[in-house]
Every structure is written in C-alpha cells, then in structure tokens.
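K.L.:
Right, I'll just put the structure down here and ask away after.
The values are calculated or read from the model by the stated rules, or taken from the named source; none is laboratory data. All of these numbers come straight from a predicted model, not from anything done at the bench. Note that we place each Cβ from the backbone using ideal geometry, even for glycine, and neighbour counts take in every protein chain shown.
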Amino acid sequence: MKNLFNSPSPFKPSPGMMVISYLILGFWSVVVLFPLYWLVITSFKLPIDVNDGPYYIPFVDFQPSLHAWKYILVDLGNDTLRPFFNTVVVGVVSSVIALVMGGSAAYALVRFQYRPRIGVIVTFLGCIALMIVAFNLGVPWPVAVIAGLVIFFLLWQTIGRRFKRALGNNDISFWLISQRMLPPVAVVIPIFIIFQQLSLLDTRTALVITYVAVNLPIVIWLLRDYFQNIPIELEECAAIDGASRYRIFWSIVLPLSVPGLVATFLFVLVFAWNEYLLALFLSRAHSQTMPLLIVAQNATRGPQWWYMSVLTLIMIGPVIIMAIFLERYIAKGLLVGAVKG
C-alpha cells in the first residue's frame, strides 16, 4: 500500500493518486454531462414517458420515438427554421463585424499611443447632444449635423485646447469595458426608441447593429491582452525590411493571432446566440430568434419538455459542434497571457 502512494518522480503522481484523480474527474464529468444526456433522451420520449418517468435508459426504460422531432421540424416547419436562420445570420454576422472592428481597435490600442484631451471629448459629446435636441425640435437632420460640426470645430479651436489634461490608452480601454458593466435592461428602452424612429424594428439589421455594439468592448479587451503577448521585435524587423503597417498587421500579427481570434469569435458568438432581452424588445415574428421561440413555446403551450428539448438541441448543437472542431485553437487562445514572466 505504501508503494501505491509513493511517487517515483516529483513531476509524476503516484499510481494511487492517479486513480483517485481519475475517479474524481470521472464523477465530475458525469455531473457536467448528465444534463446534456437528459436533454437528448427527453427529445426522444413521448409525453407519457416524460410525465410517468423519470426514465433514464432508452430501449430499457422506454421506447424512443421521433414524435417531438417530427412536430418541431415537419409540423411547425418554417416557424422553427426561420428563427434558427435568424439566429445563425445575426450571430455570425454580428460576431464577424465585432471581431474585425474590435481586432483593429485592440491592435491600435496596443501599438499606438493616444492622448485625447478631455476638453475636446466633452465638447464633442455636447455637440452630439445639441444635434439630437435640434433634430427633436424639428430641425432637418442635415442642417443639425452641419451646425453641430461647425460648432464643434469652433469650440475645439478655442475653448477645447485650453484643457491640457488628456487620457491614455489604459483609460480608453477601461472606458470601453465599462460599457459592459451597465446592465442591458438600463439601455433597452433608448435602443428601442432609436430603432423605432429609424423604422428598423423587427429586422435583422437592428439586431446585428445592437449585438456589435454590445460585444465590441469584449472583443477589444480580450484581443488587447492577446496582441500584447506578440513580440514587437517581429514587427520592427518587418518594418526595417520595408513592410508597411498594414502589411505587418495582415501578414504577421493576424496569422500569429489565430488562436486568440478564434476563441474571441466563439465567445461573442455564444453571447449573440443566447441573447434574449434585446431580441425581445427589437424583434417580432419576422426577426424572431431561437431564445424567443423557446420561451414563446413554453409560454403558450406550457412546459412541454419533449418539444423544449428538441428546440434546445437545435439551438445549442451548432455551437457545440463548432467548439469541438475549434477546441485546440480555443485552448491556446485562452491560455495565452495567463502566465507571464
């Protein structure tokens, strides 16, 4: 028994500890994966099997049936496919746009130094507020925009330059991530009114714009830390060889950043894929997404778990498959920057 727990090397666990570790990991894997297993087998149960259960093992405790799948995919048809298509389009498009914009902004915050003056920022925000007020008072929007720009230019050349205090890159980064600290329920009404005035309610365009704005700070924050771990000497060598800043970014930085880009893309895709509150206010029947469909089915028909299980599997299936195929990139992207020295 003593040899069972004696380790032959400081870097190798003893056989006994390995057995205990595997038992603990196996038990925890069962705990984590059991809800997914229960979801799968429930989708193949008849209502009587769900109500009279619980039944755990197909072909032993109950006879599997495609009743729920037939109802969701065939009987409902477009009522299921349209929300799924909307979820795919809105999630993928918004994530790609957020990744492109956020990646560029993150790289700029890492490699360039910005010193915007507080006076100029306050003046710009004041002119934006003035344009909104003028537009609400009936002034044509081209006139309001031109007048606001002229006022901003005049104030910038006079009053704005008198304020010497400036912000740095870290201040800009913190301000960006602070936008995610605000709960969505606090801004959902203004967002609703904006898209109502623009006649964009119940459109995928409104959802894409909103999700890009919501997920952009996350992309910038994650990729900023990733870009900081890329040796700047590589870029300096390329610059000495005559490569432009854009060539360095596309040919050196982006290829080295593939793991971080993939991990960040999957993060924001999951956020957009599962988002419910903003979609509830901005969507109707035409741009309805899968989370809204699941809640609507549960509200109108009650907790019919056999149908809910099918809808949930249809919703989470593509994301799980994508995570499995991209696992090696995701693991590397999440670990970069975790240990520094």
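K.L.:
Determine which single condition residue 110 fails, assuming it passes every other condition in (1) modelled with pLDDT of 90 or more; (2) crowded, with 19+ Cβ neighbours inside 10 Å.
P.N.:
All conditions pass for residue 110, except number (1).
K.L.:
Which of the residues spanning region 160-184 are assigned to a loop (DSSP other than H, G, I, E, B), in contact with a helix residue (DSSP H, G or I) (Cβ under 7 Å, 6 or more places away or on another chain) and farther than 21 Å from residue 105 by Cα?
P.N.:
Those that are assigned to a loop (DSSP other than H, G, I, E, B), in contact with a helix residue (DSSP H, G or I) (Cβ under 7 Å, 6 or more places away or on another chain) and farther than 21 Å from residue 105 by Cα: 163, 165.
K.L.:
Here is a follow-up. Could you tell me which of the residues 195, 152 is assigned to a helix (DSSP H, G or I) and either over 21 Å from residue 98 (Cβ atoms) or at pLDDT below 80 (or both)?
P.N.:
Just a single option satisfies the conditions, and that option is 152.
K.L.:
Further, regarding this structure: Mind listing just one residue for me: the one in region 157-183 that is free of Cβ contacts under 8 Å to residues at least 24 places away in the same chain and aliphatic (A, V, I, L, M) and, of those, nearest to residue 221 (Cα to Cα)?
P.N.:
The residue in question is 181.
K.L.:
Something else now. Read through the list (1) closer than 16 Å to residue 291 by Cα; (2) touching a Leu at 6+ places or on another chain (Cβ under 7 Å); (3) not hydrophobic (A, V, I, L, M, F, W, C), then give the number of the only condition that residue 65 fails.
P.N.:
All conditions pass for residue 65, except number (1).
K.L.:
May I pose another question? Tally up the residues in region 42-62 that are within 11 Å of residue 305 (Cβ to Cβ) and either touching a Pro at 6+ places or on another chain (Cβ under 8 Å) or of a type in the set (Ser, Thr, Tyr) (or both), please.
P.N.:
Total meeting the criteria: 3.
K.L.:
What do you reckon, is residue 220 surrounded by fewer than 17 Cβ atoms within 10 Å (Cβ to Cβ), part of a helix (DSSP H, G or I) and β-branched (Val, Ile, Thr)?
P.N.:
no
K.L.:
Among (1) at pLDDT 85 or above; (2) under 30 Å from residue 276 (Cβ atoms); (3) under 35 Å from the mean Cα position of the chain (by Cα); (4) assigned to a helix (DSSP H, G or I), which single condition is residue 79 missing?
P.N.:
The number of the failed condition is (1).
K.L.:
Examine region 50-58 for a residue that is at pLDDT 90 or above, under 29 Å from residue 274 (Cα atoms) and under 36 Å from the mean Cα position of the chain (by Cα), and state whether such a residue exists.
P.N.:
Within region 50-58, not a single residue is at pLDDT 90 or above, under 29 Å from residue 274 (Cα atoms) and under 36 Å from the mean Cα position of the chain (by Cα).
K.L.:
Cβ-Cβ distance below 6 Å, separation of 6 or more or different chains: which pairs start in region 99-124 with a residue that is closer than 24 Å to residue 263 by Cβ and end on one that is of a type in the set (Val, Ile, Thr)?
P.N.:
That search, which allows pairs on different chains as well, returns 99/219; 102/219; 102/220; 105/220; 106/220.
K.L.:
Could you pull out the residue among 176, 99 that is closer than 30 Å to residue 250 by Cα, modelled with pLDDT under 85 and either crowded, with 17+ Cβ neighbours inside 10 Å or among the basic types (Lys, Arg) (or both)?
P.N.:
Residue meeting the stated conditions: 176.
K.L.:
Something else about it: How many residues, within region 22-55, are more than 22 Å from residue 320 (Cα to Cα) and either touching a strand residue (DSSP E or B) at 6+ places or on another chain (Cβ under 9 Å) or in a helix (DSSP H, G or I) (or both)?
P.N.:
13
K.L.:
Out of 27, 34, 59, I need the residue that is among the hydrophobic types (A, V, I, L, M, F, W, C), on the phi > 0 side of the Ramachandran plot and surrounded by fewer than 15 Cβ atoms within 10 Å (Cβ to Cβ). Which one?
P.N.:
59
K.L.:
Would you check if residue 135 is outside the structural domain of residue 224 (by TED's automatic domain parsing), under 30 Å from residue 221 (Cβ atoms) and in contact with a helix residue (DSSP H, G or I) (Cβ under 6 Å, 6 or more places away or on another chain)?
P.N.:
Criteria not met by residue 135.
K.L.:
Among the candidates 263, 213, single out the residue that is small (Gly, Ala, Ser), free of Cβ contacts under 8 Å to residues at least 24 places away in the same chain, assigned by TED's automatic domain parsing to the domain that holds residue 310 and under 30 Å from residue 80 (Cα atoms).
P.N.:
Selected residue: 213, the only one of 263, 213 that is small (Gly, Ala, Ser), free of Cβ contacts under 8 Å to residues at least 24 places away in the same chain, assigned by TED's automatic domain parsing to the domain that holds residue 310 and under 30 Å from residue 80 (Cα atoms).
K.L.:
So, in region 175-194, exactly how many residues are out of contact with any Phe, Trp or Tyr (no Cβ under 9 Å at 6 or more places or on another chain) and hydrophobic (A, V, I, L, M, F, W, C)?
P.N.:
Number satisfying all stated conditions: 8.
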